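In what follows, a structure is listed as structure tokens, so that the remarks can point back to it.
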Amino acid sequence: MKNQDYNTELLTHYLFGELSEEETERLDELSFTDDELAARLREVETDLVDAYVRGELSGQQLERFTSQYLASPVRLEKIAMARGLQNSLDRIVVTEQEKRQPQELRQPISPDKPAARRGSLRDYFFAPRATWQWGIIAALLLLIVGGGWLAFDNLRLRNQIHQAQAQREELQKRERELQAQIAEEHSSSSEKEKELTDLREQLAQLEIQAAATSSQKPPASEPKIAAFLLAPQLRGSSQLATLTIPADADFVKIQLELEPSDFTVYRAELKPLSGNEAIWRSGALRPRGAKKTLSVILRPTVLKAHSYRLEVYGVSARGASEFLSNYPFRVVK
Amino acid sequence: MKNGSLPKPDKKKDWQLNANAFRQLLLWLDEGGDSGGEVYLEMRRRLVSYFDRKNCLPVEELADETLNRVARRLEEEGAITDTTPAHYCYIVAKFVFLEYLRQTEHRQISFDELPNSAQQTAIPAVLPEQVEETAIEEKRLLCFEGCLQNLEADNRELIIQYYYGEQRVKIDNRRAMAKRLQITMNALTIRACRLRDQLETCVNNCLGREE
């Protein structure tokens, strides 16, 4: 017979004499020859008796127990012993509890009291109560410490936020100041560029005058300037303007018609028509007149009998150049 | 016993269990081991339980009768080899029970029908549940406490823990104990039952001395 067959219910039926004759005889034999059954049988019987003593039996089971089991004097003695053992154990448990909690009041133990008072749920509040109390205290301490730490950390973080905000405001203020400074410098730079352009023009005029005074011609004659007017190259157009430069020309003045733009400062570069290397570069140029033209003054020696192009760039306040127009032409001498 | 033949009804009523026969019985029950008499005590307990379940009276005398017959057969035959000691004891017990049924007009005896002498010898001051604690019960309680204190600390702790709690709690507690002691549940039950027997013997002795 396997261990799983030695279930409590079967053995209880056997103890109460409720099995068939055949089954009873089989278990009778096994109660001698099978150590496991013998032990299990004894355990079931002992537990049954203990349950009866503690008042845990009820209903049909109690009725069966009192009618079948109590019929034997040996079993009655077992019950008496079980009651004595249970009372002793209860007293031991009470003594242990009183040692832990001397102020706790305990009711006198009586075997007739219901089982709920003995070995019951209440025991779990008595025996481990100290543990519960310590556990609660530990939990409270943990809460207090945890709460304190959280409050401290919260305060620290708030301070950090305030500092960060102050720093940001400081930085924003500094940014505004720097932007104002930059704007001021740009303005100053624009003014200086304008001043520089004016100086260059004045210099060009002085050079013309100087050329006029240094030449062999009578003082009454003025420098000869070959002036030309160029329009921006139209797209798809391959026509070149022809600039016939007299051999006695002292200067070549090329006026460039500007296309509409927002720039106020320009510059020009002279390049071969088919090349990309600048032969000559201007300084800052400002448009003049109602038609907004740029004046480029060159020495005739700069221009050979070749084809050239003048590239005009718009110059922004920050100094960045943007290509605007192309002015191709051919020089004839 | 040879060839598994069944024991005949005992006619030698004057045969007494002597020291040699008893020693031989112990050796035979131990099957080559040396249990220090534990196997004998366990077998006697099983016999008592068997006769008790059969509602026999007096159960201890019948148990002793069974063991006496086995011991006598061992002495006469020299050995019983066809079956295990436990099985042979069962066979003899069965015959003793059948004889008991034949020899006495036996019927199930309720507690109220027991003669006073039988009641006093078999039931030392057993009271129905409704009766309040008597002096005997109080003495029994004191004896139990004293006997518990006389146990070794480990054994005392074991028996307290073994019987602590109710129903599911008790079962779980026992499982935990077995695991902690690194023994099987069966072994734990046997150990607890032996300690309980030890206690009951101690209490009975205590009550006997008190009285």
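Quick rundown of the values:
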read-out	value
Cβ-Cβ under 7 Å pairs, at least 6 apart or on other chains, the range A:219-232 side surrounded by 15 or more Cβ atoms within 10 Å (Cβ to Cβ), far side among the β-branched types (Val, Ile, Thr) and modelled with pLDDT of 75 or more	A:ALA226/A:ILE245; A:ALA226/A:VAL252; A:PHE228/A:ILE254; A:LEU230/A:ILE254
Within the range A:56-96, considering residues that are exposed (fewer than 15 other Cβ atoms within 10 Å of the Cβ) and part of a helix (DSSP H, G or I), the one modelled with the lowest pLDDT	A:GLU96
Cross-chain or 6+ apart pairs with Cβ under 6 Å, the range B:63-74 first and within 17 Å of A:VAL74 (Cβ to Cβ), then of a type in the set (Val, Ile, Thr) and at pLDDT 90 or above	B:ALA63/B:VAL48; B:GLU65/B:VAL96; B:THR66/B:VAL92; B:THR66/B:VAL96
Pairs with Cβ under 8 Å, 6+ apart, first in the range A:18-33 and free of Cβ contacts under 8 Å to residues at least 40 places away in the same chain, second in a loop (DSSP other than H, G, I, E, B) and small (Gly, Ala, Ser)	A:THR24/A:GLY17
Only one of B:LEU98, B:LEU181 that is surrounded by fewer than 13 Cβ atoms within 10 Å (Cβ to Cβ) and at pLDDT 75 or above	B:LEU98
Qualifying residue in the range A:17-24 (condition: assigned to a helix (DSSP H, G or I) and modelled with pLDDT under 90)	no
Enumeration of residues in the range B:42-62 that are in contact (Cβ under 8 Å) with a residue 60 or more places away in the chain and part of a helix (DSSP H, G or I)	B:ARG45
Inter-residue pairs, beta-carbon under 8 Å, first within 9 Å of another protein chain (Cβ to nearest Cβ) and on the phi > 0 side of the Ramachandran plot and in the range B:163-188, second in a loop (DSSP other than H, G, I, E, B) and surrounded by 13 or more Cβ atoms within 10 Å (Cβ to Cβ), 6+ apart	B:GLY165/A:GLY119; B:GLN167/A:GLU56
Checklist (1) modelled with pLDDT under 90; (2) among the charged types (D, E, K, R); (3) within 30 Å of A:LEU70 (Cβ to Cβ) applied to B:ASP64, failing item	(1)
Yes/no for B:THR201 being closer than 24 Å to B:LYS139 by Cβ and at pLDDT 80 or above	yes
Residues located in the range A:15-44, provided they are under 30 Å from B:TYR164 (Cβ atoms), of a type outside the set (S, T, N, Q), crowded, with 20+ Cβ neighbours inside 10 Å and within 8 Å of chain B (Cβ to nearest Cβ)	A:LEU15, A:ALA38, A:ALA39, A:ARG40, A:LEU41, A:ARG42, A:GLU43
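The values are calculated or read from the model by the stated rules, or taken from the named source; none is laboratory data. As the structure is a prediction and not an experimental result, all values here were calculated from the model. A quick note on method: Cβ atoms are made from the backbone with ideal geometry, for glycine too, and the neighbour counts reach across all protein chains shown.
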